[in-house]
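Below is one structure, written out as structure tokens; comments come after it.
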Amino acid sequence: MAVGGEPRRRGDSEQTARRVVEAAAAEFVERGYDGAVISDIARRAGVTPGAIYPRWPHKSDLMAAAVDHLLEQLLPAQRISNLGLAELPAPDLLAAWGANLLVADQVRDVLVQVFGSARNNTQVEERLQRFLNDQAAQLTGLVERAKEEGFVDAGHDTAALVLLVQSAGIGTHLLMSSGLSDQYVPSEANWVGLIVGIMGSVEPRTSQAE
């Protein structure tokens, strides 16, 4: 009986831990690192504060786990999977990614909090740096795939293209989340057209004689 019950207890424990981390992540998004309070996180997760401390003895431990949880959702592989884009060819994938950048997204909005908190918090700074490097690594794989599919000129430097994509994505997140006026936001068609035009291969021109 004990053998049969143990997996259930471990499962319940993991579910509770997941709820606590998700609640901490929500508090981080809404109030920032300094504004998050353990008692509010516990209430949000449906547990007592005493149930949190055995696993996360200090607030900094729990908030670090919350930041990890949030940033993991922003990695390209996870975002592509969540949006159902994994099977698209490179041009369609890039177009869908560009269009999605213009859509309000609470998950992406966390970047504003993370960048702000990283200035004064070593733990958050370390996690942001790791996220940026993991993001660049995954984008490198996508750029190489685009080259193999013939969408991107193989002569273009991969690191330069990755930095361009990464900068466009993060920059757009920060600007849109910070309240950029609608008058400065391009239409989806113009935005996607520009991104695809910059990234895509230039087809050879047909001569006048032809």
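The table for this structure:
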{"quantity": "Residue match in the stretch 104-124 (condition: closer than 23 Å to HIS69 by Cβ and basic (Lys, Arg))", "calculated": "yes"}
{"quantity": "Output for the stretch 172-189, where each listed residue is touching a residue at least 24 places away in the same chain (Cβ under 8 Å) and under 15 Å from GLN113 (Cβ atoms)", "calculated": "HIS173, LEU174, MET176, SER177, SER178"}
{"quantity": "Test: residue in the stretch 156-168 that is part of a helix (DSSP H, G or I), surrounded by 14 or more Cβ atoms within 10 Å (Cβ to Cβ) and in contact (Cβ under 8 Å) with a residue 60 or more places away in the chain", "calculated": "yes"}
{"quantity": "For VAL143: the one exception among (1) without any contact (Cβ under 8 Å) to a residue 24 or more places away in the chain; (2) surrounded by fewer than 16 Cβ atoms within 10 Å (Cβ to Cβ); (3) in a helix (DSSP H, G or I)", "calculated": "(2)"}
{"quantity": "Test result for ALA2, in contact with a Lys or Arg (Cβ under 9 Å, 6 or more places away or on another chain), of a type in the set (A, V, I, L, M) and modelled with pLDDT under 95", "calculated": "no"}
{"quantity": "Top-ranked residue of the stretch 9-27 - restricted to ones that are at pLDDT below 90 and among the basic types (Lys, Arg), ranked as nearest to ALA66 (Cα to Cα)", "calculated": "ARG10"}
{"quantity": "Filter result for the condition that a residue is part of a helix (DSSP H, G or I) and either touching a residue at least 40 places away in the same chain (Cβ under 8 Å) or under 19 Å from ASN121 (Cβ atoms) (or both), over ALA66, ALA17", "calculated": "ALA66"}
{"quantity": "The stretch 101-115, residues that are outside any loop (DSSP other than H, G, I, E, B) and modelled with pLDDT of 85 or more", "calculated": "LEU101, VAL114, PHE115"}
{"quantity": "So ALA64, is it of a type in the set (Gly, Ala, Ser), at pLDDT 90 or above and either crowded, with 16+ Cβ neighbours inside 10 Å or more than 25 Å from GLY193 (Cα to Cα) (or both)", "calculated": "yes"}
{"quantity": "Matching option when the condition is of a type in the set (A, V, I, L, M, F, W, C), out of contact with any Lys or Arg (no Cβ under 7 Å at 6 or more places or on another chain) and farther than 30 Å from ARG31 by Cβ, among VAL110, VAL124, VAL114, VAL162", "calculated": "VAL162"}
{"quantity": "Complete set of residues in the stretch 20-39 that are farther than 18 Å from GLN106 by Cβ and not hydrophobic (A, V, I, L, M, F, W, C)", "calculated": "ASP34, SER39"}
{"quantity": "The stretch 80-126, subset of a type in the set (Ser, Thr, Tyr) and free of Cβ contacts under 8 Å to residues at least 40 places away in the same chain, residue surrounded by the most Cβ atoms within 10 Å (Cβ to Cβ)", "calculated": "SER81"}
{"quantity": "Qualifying residue in the stretch 82-98 (condition: of a type in the set (D, E, K, R), modelled with pLDDT of 85 or more, more than 19 Å from the chain's Cα centre (by Cα) and assigned by TED's automatic domain parsing to the domain that holds LEU111)", "calculated": "yes"}
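The values are calculated or read from the model by the stated rules, or taken from the named source; none is laboratory data. These numbers come from a predicted model, not from an experiment. Positions of Cβ are generated from backbone atoms using ideal geometry, with glycine treated the same way; all protein chains shown enter the neighbour counts.
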